[in-house]
Structures are given as C-alpha cells and as structure tokens.
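Engineer: Provided herewith is a single structure, encoded as structure tokens, for subsequent inquiry.
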Amino acid sequence: MRTASFLLLFSLATPVAGEISFQQPIDCELGQNCFIQNYVDSDPSDQANDFMCRHLTYNAHKGTDFALHSDVSMQDGVSVLAASDGVVIGLRNSMLDIRSNAPQAPALGGQECGNGVVLDHGDGWETQYCHLKKGSVTQSLGQSVQAGEVLGEVGLSGQTEFPHLHLSIRKDGQVVDPFTPKHATCGSYSSAEALWQQPIDYVPAGLISIGFADAIPDFSNISKGTAHIKVLPTQTPALVLFASVFGASDDLSLGFRIEGPDGVFHEAKASFETDQAQAFRASGRKVNSTLAPGIYQGTVTLLRGNQIIGHRRVDVTITK
C-alpha cells in the first residue's frame, strides 16, 4: 500500500471537462458560517493571482482554502467531506492543532499539510485534505469512501494561521484548479466549465465577524471568536463595535452604526489602505459617565464604493 507524501506540487494539469466532478468538501454554508480565503495561484511567476485576476491567493498556492469564522467554530466541530468517491491512500492524524506562527509551535519537518487524507479517485485523479483536527480522521489506509462521507474535522494542524480546510486536486500528479480546469484567460470564469457538481460563487471579499467590546480588541481574540462581549456594565469605559473581513482592499470601506435606547449613539466609516487576506477595523465612543441601560444594536456595512456587499448586526446588553 503506497502512502501520500503530502507535498503540494507546483505544476498545473489541463483535464478534459466532464471526466470528473467534485462536491463541496466541507459541511458548512459558504457566506454564512464559512468562506473561501484562498484560491489556486494561477500566475506561474513569482507574483500571485487567483483565477479572477484578484489577490485571494499567494505565490505557489496549490489548493482552495475553505475557512471557518473562528476557533470557536472549529472547536464546535465542522466535518470535512470526501469530494468524490475514492480510496484512502494517505493519512495523518496525530499533529497538534496550533497556529504555525505561535511561539510554541513545533517544527513541521516537511509536514506542512498537517493532519489530512489523500484519496485516489482513479484515472490519475487525487484529492488531498489538509489541516484537519488532531484525532478527527475517521478513515484508514485502503478504505473505500463515498462522496460526502466524513473524513474528519477542520483543524489548525500544519502550516496554517487560521482554521480551514485546504483542498488540493491533482491529475497525474499535477495540480488542477477546480474553478478553471481548462486554464481560461484570467477573469473569464465560467461555472459551466468548473469541476464542481454545484456552482460555487467567487466572492472577492466579505465580513467574517462583528461584535462589541469595551476597548479596541486584539485581532488574535477576534480570530479566536472570543472578542465579542454580550453584556457590559453602565460604567463601561467605552462602547466599541468591531468587524473583521477577508479580501480587504483599498476600494473597500466599513460603515459602523450603534443605536441605543436614546437613539444613535455612534456612527462612523473606516477604510483599508492595502490588500490584506484578513483585516479588522473598530469604531466607537468613550463613555464619560454612564450608559443608559438597555439593548444596543451594532450594524456594520461592507461597501465597495457605494455598493453594499456585506451587512450584519449584533447586540450588546448594558446593565446596571
């Protein structure tokens, strides 16, 4: 029985359309509780572009990254699913769930995929599922699996700084972008040519999370899902609304609005200066005396120019 090396290869194959198709490999609803953070890098140079000529990728990235909103979501458990019928030819299940940039993170020693599974689909097709949660892999070597069958859970193992599933698709050992398997001209994507059984929309940017705090929170706590405070005292030092986004760029802005029992408490707008895979902004007001008790509603709107591309609300309760 051969095992997979878990290396991400650096050449692209051009398959014949229709010879295979894949279902979404993660049990979540895109745009609701998960999103695509990175696509295959379609630029063979040392620059990086996804198939829509934007920057949701990085140099030599050879897969599609389905990301969760926070560590809390990961801890709750999100299943990784077989994208097509196949046989398990490689797996790993014992690596720690820890951000690779954490001070205490161990050396990866060539195991950048972390915990994962490799499936052989026949006729030279393989799929590889990376960064699974330690101990979550449910399969064994040589086992046959059906499309949609659970392989494990999304984790933080290997070379990753956020909880996500990295799916790599290969034909005869070469990476295939499931969105543009024919290598169409950059930006000329057609869902009819993609390898997905059900169309998956390209979303260049979106809101990840929003919440309230009594000061500007650390981005690490926002990413972990622990920054939002549901109840604050009337003597809180400040009331701050924050939002994190993916696909930040200089043509995006965030609108913040906080409404309380006495009407509009705060309203402001924030922008982004550079392209960033993930970023956050926060806005609010210091509290000089006390806040009126009651429910305060925060609204965050993500805009590209004057076009609304994201909108979300959150509440905080102010109590005596």
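Engineer: Let me check the size of the stretch 34-180 from its C-alpha atoms; what are the radius of gyration and Dmax in Å?
Structural biologist: Rg then Dmax for the stretch 34-180, in Å: 14.8, 43.
Engineer: Can I ask one more? Taking a point 7 angstrom from the Cα of Glu259 along the C-beta vector, which residues in the stretch 305-319 have backbone N less than 15 Å away?
Structural biologist: 312-316
Engineer: Evaluate the charge dipole of the chain about its Cα centre and quote only its size in Debye, nearest 20, assuming +1 on the Cβ of each Lys and Arg and -1 on the Cβ of each Asp and Glu.
Structural biologist: 880
Engineer: So, one more: Take the residue pairs Lys62/Lys182; Lys134/Lys230; Lys230/Lys320 and return only those whose Cα atoms are more than 24 Å apart.
Structural biologist: Lys134/Lys230
Engineer: Protein chains only, probe 1.4 Å: how do Glu153, Glu273 rank by accessible area, largest first?
Structural biologist: Solvent-accessible surface, decreasing: Glu273, Glu153.
Engineer: Here's a follow-up. Run the paramagnetic zone check for Glu149: 7 angstrom along Cα to Cβ, then residues of the stretch 51-91 with backbone nitrogen under 14 Å.
Structural biologist: Correct set: 81-90.
Engineer: Here's something else I'd like to know. Roll a 1.4 angstrom probe over the protein heavy atoms and tell me the percent of accessible area of the chain that is carbon or sulfur.
Structural biologist: 48
Engineer: Over the chain, with a single point scatterer placed on each C-alpha, what log10 of the ratio I(q)/I(0) does the Debye formula yield at q = 0.09, 0.10, 0.14 1/Å?
Structural biologist: -0.51, -0.62, -1.06
Engineer: Where does each of 106-117, 170-181, 278-289 land if you order them by average Cβ count within 10 Å, highest first?
Structural biologist: Ranked from most to least packed, the peptides come out as 170-181, 106-117, 278-289.
Engineer: Express the accessible area of the chain per residue in Å², computed with a 1.4 Å probe while the remaining protein chains stay in the model.
Structural biologist: On a per-residue basis, 45 Å².
The values are calculated or read from the model by the stated rules, or taken from the named source; none is laboratory data. On a predicted model such as this, the values are computed, not experimentally measured, just so you know. Quick reminder, even Gly has a Cβ in these numbers, built from the backbone with ideal geometry, and neighbours come from all protein chains shown. For accessibility, only protein heavy atoms count, side chains too; no ligands or nucleic acids. Shrake-Rupley method; radii C 1.70, N 1.55, O 1.52, S 1.80 Å.
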